[in-house]
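Only the coordinates and a few stated rules stand behind these numbers; no lab work does. No experiment lies behind these values; they were computed from the predicted model shown. So basically every Cβ, Gly included, is an ideal-geometry build from the backbone, and we count neighbours across all protein chains shown.
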Amino acid sequence: MRLQFILVKLVRGLLTMLLAVTFVFVVLRLSGDPVTMMLPDDTPAAVIAEYRAMWGLDRSLPEQYVRYILSAAQGDLGYSFRDDRPALAVVLERVPMTLLLGLSGFAITVVIGLFAGIAAALKRGTGIDHAAMAFSIFGHSMPNFFLAILMILLFSMTLRVLPSSGGSTWWHLILPAVTLGIINAGTVARFTRSSMLEVLHQPYMRTARAKGLKLTRRVTSHAIPNAAIPVVTILGLRLGALIAGAIVIESVFAWPGIGLMLVNAVGQRDLPVVQTIVLLVALTMVVTNFIVDIAYGWLDPRIETREAKES
Amino acid sequence: MTVLEADRLSADSNRRRDPISSRGAARADTVLAVEGLTVGTGRADLVIDVSLDVRAGETLCLVGESGCGKSLTCLAAMGLTSEPLIRKSGRISFLGQDLSLLRENQLAEIRGRDMAMIFQDATAALNPVRRVGMQIAEVLVVHRGLTWSQAMKQAVELLASVGIPDPAGRANAYPHQLSGGMNQRVMIAMALACRPKLLIADEATTALDVTTQVQILKLMKELQAETGAAMIFVTHDLGVVAEIADRVAVMYSGRVVETATVDDLFERPLHPYTRGLMACRLHATTTSHGRIAAIEGTVPSPSKRPEGCSFRPRCPYASDECMALPALRPIAGIYGADQHRAACHFAEDFARAGS
């Protein structure tokens, strides 16, 4: 039962990654020849042909695709057109920076989102609730690049307290991470609130009160474990979205992660690098979803039994 | 009912049958006294001027149809009513202490320790993502200051005392892995963990099948005899009342319409509503000619109660007098008059006709 579950997830995950890579592969090759874009206008035709042959671009599209997939399956993701090094190595160099930004943003999302959502649910209808929900709508409706620009205007240009671009010091992390965190915290707060409200009306919460438990214990020990179940899904989805959001945030703040690299690589037609980054992002999504599935079974003891009964 | 009745006879030795003193006079062993309790929302009152008291070792049954305010009375007694329901008037004194003077945190210390409640649907009333042993142990950790390991050990003992086989194994189960009857036993174990002075059971056996119901009732009586707790038992099943009650309060549309000792009530019901409830019972011995007795109509909505006696529109004896609200009063002409109270203008007539 357990093994079958993992196998199904694995096959689905591989399919997801294959689809993403295929899509990007085709679109990139339909959107212009990288060789003519990278070489000066007056390059002789023979040189161009030489480059095309070197990068395998002279073959037919299906052939290129099959060769790419076969070598990718063996872990060879090609060489960067610009750098002449393995694309994977080029990308992996930047992964820690994106992870740092993404996880910092995620931590901010979790802390602010959960706190605001729980407070809003417990103080339903009060000023705290309205403030939290106003914040939620703000985060939800604000385009991330626009908030990023506003942050730069306020903290870098006007107050001059934080650097606006680069990634050389910890100070540089603050603005992009907070922007990323706030954008996603709104959704998490809203979700947490509705989940908490539903749980607070359950009979077992009345039981907890009848047992003489004080508010803190009722919330931490009885409400949150139940309310967490749907919230974990949204957090899992948000973790994926955070990586995607990081691409935009990284370009605004010139944060040297894979997002900035992706934008540059698309501009430069560095196809292997773009494909590698897309593959990594897809892999992150698949792994996150898998972790969410595992976390479900751990948070909600009813799930495992239900599966056991079905099979 | 024969099994239940046999059971009841065997348990009679545990009962007190001494006459009950007049209402309001605080007896030393009065555990809970509710006086003039009115609970409602801004729009309507759901419990009106309810007075009850229950003494140590005694079982008081609250009887009535759904929507009569029985459960709400119990919740109010525990101080568990929450918005939009508010306690509008009345005094609830528990062990001589006025609960309305206590703050929420002080109430929390009493709840679960000195007064405990068992809810109708135990499976829903238990936290689905916590092991049942932990849910029981929690009470001991909070109120008795035990460590978790001590409390878990005691929780297993409690599970054994409520007749759960393999208590150590079951303590690690989640509520969805146990049957409704098992969960109700878990609830009982949880409620009794701190040996409360007052146990309130709100339709505790209603959701269970008949054999389980008998076992649970028996268990509760045994445990009550052991701990000497006062018990308030809410039910709409007169079979259960006959089984477990010392005294009965019949509620209708938010009011107490009749109170009596259990024997008195069954022998001489003095309110037409109580008489209706009695007539609705199915007797295996009497021939029903294919018809099942029922009280015509339904309980009026709290926002649209008729003027005067709320039972008037459904009452076969209703007359013009009933436009005036009858007071709940001792009915003369029967033994221990003060034990038997009814809120009907014609209660004296029924008393005379019955004796």
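Brief remarks follow.
- For B:Ile232, the residues whose modelled amide H falls within less than 5 Å of its own, excluding neighbours fewer than 5 places apart on the same chain, are B:Leu60, B:Leu199, B:Ile200, B:Ala201.
- Among the listed pairs B:Lys70/B:Lys153; A:Lys123/B:Lys197; A:Lys211/B:Lys218; A:Lys214/B:Lys304; B:Lys221/B:Lys304, those with a Cα-Cα distance over 29 Å are B:Lys70/B:Lys153; A:Lys123/B:Lys197; A:Lys214/B:Lys304; B:Lys221/B:Lys304.
- 3J(HN,Hα) along the range B:86-98, derived from phi through the Karplus expression 6.51 cos²θ - 1.76 cosθ + 1.60 where θ = phi - 60°, amounts to 9, 7, 8, 7, x, 10, 10, 10, 10, 6, x, 9, 6 Hz, with x in place of Gly and Pro.
- Prolate/oblate/rounded label for the range B:71-146 (Cα gyration tensor, a/c 1.5): oblate
- Cα gyration tensor shape for chain A, rounded if a/c is under 1.5, else prolate or oblate: oblate
- Under the shape rule built on the C-alpha gyration tensor, where the axes satisfy a ≥ b ≥ c, the range A:1-110 is oblate, since a/c reaches at least 1.5 while a/b does not exceed b/c.
- Distance from the range B:48-102 to the range A:112-191 (C-alpha centre basis), Å: 47
- Each stretch of four or more DSSP H residues adds -39500 (n - 2.57); spread over every residue of chain B, this sum gives -9500 deg cm²/dmol at 222 nm.
- For the range A:151-167, Karplus couplings with θ = phi - 60° (6.51, -1.76, 1.60), whole Hz, Gly/Pro x: 4, 5, 4, 6, 8, 9, 7, 8, 7, 6, 9, 10, x, 9, 8, x, x
- Cross-link partners of A:Lys9 among aspartates and glutamates (Cα-Cα below 20 Å; sequence separation of 8 or more within a chain): A:Asp293, A:Asp300, A:Glu304, A:Glu307, A:Glu310
- Residues considered: B:Asp166, B:Asp114, B:Asp45. Largest GNM mean-square fluctuation over chain B, using C-alpha springs under 10 Å, is found at B:Asp166.
- Principal-axis tilt of helix A:170-200 within chain A, Cα atoms, nearest 10 degrees: 40
- Other residues whose C-beta falls under 14 angstrom from the C-beta of B:Met117 contribute a net charge of +3, scoring Lys and Arg +1 and Asp and Glu -1.
- Exercise: per-residue mean of other protein chain Cβ atoms within 10 Å, B:114-120: 3
- Evaluating 6.51 cos²θ - 1.76 cosθ + 1.60 at θ = phi - 60° for every residue in the range A:56-72, the Karplus couplings come out as x, 7, 7, 7, 6, 4, x, 5, 4, 5, 4, 4, 5, 4, 4, 6, 5 Hz, glycine and proline recorded as x.
- Helix A:2-30 vs. chain A, principal-axis angle (Cα, 0 to 90°, nearest 10): 40
- Span-like helix criteria (full DSSP H runs; alpha carbon extent of at least 20 Å along the helix axis; mean Kyte-Doolittle hydropathy of at least -1.0) are satisfied in chain B by B:210-227.
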